[in-house]
Amino acid sequence: MTDPALEKAFVQVSVARSGVPVVKAFFDEPTFTFTYVMHDAETRRAAVIDSVLTYDPAAGRTGHGAVEPVIAYVEAQGLSVDWHLETHAHADHLSAAPYLQQKLGGKIAIGAHICEVQHTFGALFNAGTAFQRDGSDFDHLWADGDQFMIGNIAVTVLHVPGHTPACVAYVIGDAAFVGDTMFMPDYGTARADFPGGDARTLFRSLRRLLELPPETRLFLCHDYLPEGRDHYGWETTVAEQRRANIHAHDGVSEDDFVAMREARDATLDMPRLILPSVQVNMRAGHLPPPDDNGVTYLKIPVNQL
């Protein structure tokens, strides 16, 4: 294997005990998003992955209904949260990481390539010089191959761009939290037409993840309930994805994937919450600073996407 970061993740999964870490999923149906709390059963140390801030775009009002069950679970289980991990700057929901940090402690982290996203969308939203675009809104930025511990469980970070430039997967024990890179096998893969996205890069990231051991548990950020299935799904395995993913199973060539992905993306509408989501999530879930009247505003750039 000539991919040092992937090799570290592969070895980590190979030696991990099956079913470690403990994973609890919380589903926000309005945004079709799964938030995860993972923890080490021995030390009770934990991380929250891809949290959701409730947002009503008609009223411009935020709420915490999606994460109150997360807080209740953490407290009931007696967990200590070390990290609020973002797989990328989401375009379909606002992050609740700052609220959870206030309630539970822990640091907010994302992949280091978030700076590219901040430059792109900082310009789109005309965020001004006060917005630093250096990742400093986050407490920590991960590089490809970074490793750390949550309790006694090893974590390896893999950079998996294509959906966005900053996408990362967190390989934790025998599990990988892959964000929007892939979905359940019967739904396929993420779009790659956002600014900075690229279908060819996405294919290579998919194949990188699918080089992990076949028993690796994969936890997905979304499920959109395709026709023919009557229940939401959030967990699969590398083996299942390699066998049955409708877009990226073994045998699909890079060129065929790119042709499919680009044709499919051309038919898709922009996500309903992309404009509020990205300008908040590029700031680590913090709202933009208030204007001189004390009111915080979210911008709507017209005819730009």
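The values are calculated or read from the model by the stated rules, or taken from the named source; none is laboratory data. Note that this is a predicted model, so its numbers are computed, not measured. Note: ideal-geometry Cβ built from the backbone for every residue, glycine included; neighbour counts use all protein chains shown.
Just name the residue that is modelled with the highest pLDDT out of those in the range 125-147 that are aromatic (F, W, Y) and farther than 24 Å from F10 by Cβ. Full working, then the answer.
Step one: filter the range 125-147 for residues aromatic (F, W, Y), giving 125, 131, 138, 142.
Then drop every residue that is not farther than 24 Å from F10 by Cβ, which leaves 125, 131, 138.
Working: F125: 94, F131: 92, F138: 98.
If we take residues in the range 125-147 being aromatic (F, W, Y) and farther than 24 Å from F10 by Cβ, then F138 is modelled with the highest pLDDT.
Of everything in the range 88-103 that is surrounded by 24 or more Cβ atoms within 10 Å (Cβ to Cβ) and not small (G, A, S), the residue that is farthest from G179 (Cα to Cα) is L100. Condition (residue is under 16 Å from V81 (Cβ atoms), assigned to a loop (DSSP other than H, G, I, E, B), out of contact with any Lys or Arg (no Cβ under 6 Å at 6 or more places or on another chain) and without any contact (Cβ under 8 Å) to a residue 40 or more places away in the chain) applied to the range 52-61: is it met by at least one residue? No, that holds for no residue. Among the strands (runs of 3 or more DSSP E) confined to the range 69-151, the ones with at least 1 residues that are charged (D, E, K, R) are located at 80-85, 107-111. When the range 184-224 is limited to residues that are among the aromatic types (F, W, Y), in contact with a Phe, Trp or Tyr (Cβ under 7 Å, 6 or more places away or on another chain) and within 25 Å of F27 (Cβ to Cβ), the one that is surrounded by the most Cβ atoms within 10 Å (Cβ to Cβ) turns out to be F219.
In the range 276-305, the residues that are in contact (Cβ under 8 Å) with a residue 24 or more places away in the chain never reach a residue that is of a type in the set (K, R) and loosely packed, with under 13 Cβ neighbours inside 10 Å with C-beta atoms less than 8 angstrom apart, at least six apart or across chains.
Can you find, within the range 22-80, the residue that is nearest to D174 (Cα to Cα) among those that are among the hydroxyl-bearing types (S, T, Y) and surrounded by 18 or more Cβ atoms within 10 Å (Cβ to Cβ)?
Narrowing the range 22-80 to residues among the hydroxyl-bearing types (S, T, Y): 31, 33, 35-36, 43, 51, 54-55, 62, 73, 80.
Now drop any that are not surrounded by 18 or more Cβ atoms within 10 Å (Cβ to Cβ), which leaves 31, 33, 35-36, 51, 54-55.
Numbers: T31: 27, T33: 22, T35: 18, Y36: 15, S51: 21, T54: 31, Y55: 33 Å.
My answer is Y36.
Just need a number here: residues in the range 232-261 that are in a helix (DSSP H, G or I) and closer than 20 Å to H90 by Cα.
We begin by selecting, within the range 232-261, every residue in a helix (DSSP H, G or I); these are 238-244, 254-261.
Retained after the next criterion (residues that are closer than 20 Å to H90 by Cα): 261.
Number satisfying all stated conditions: 1.
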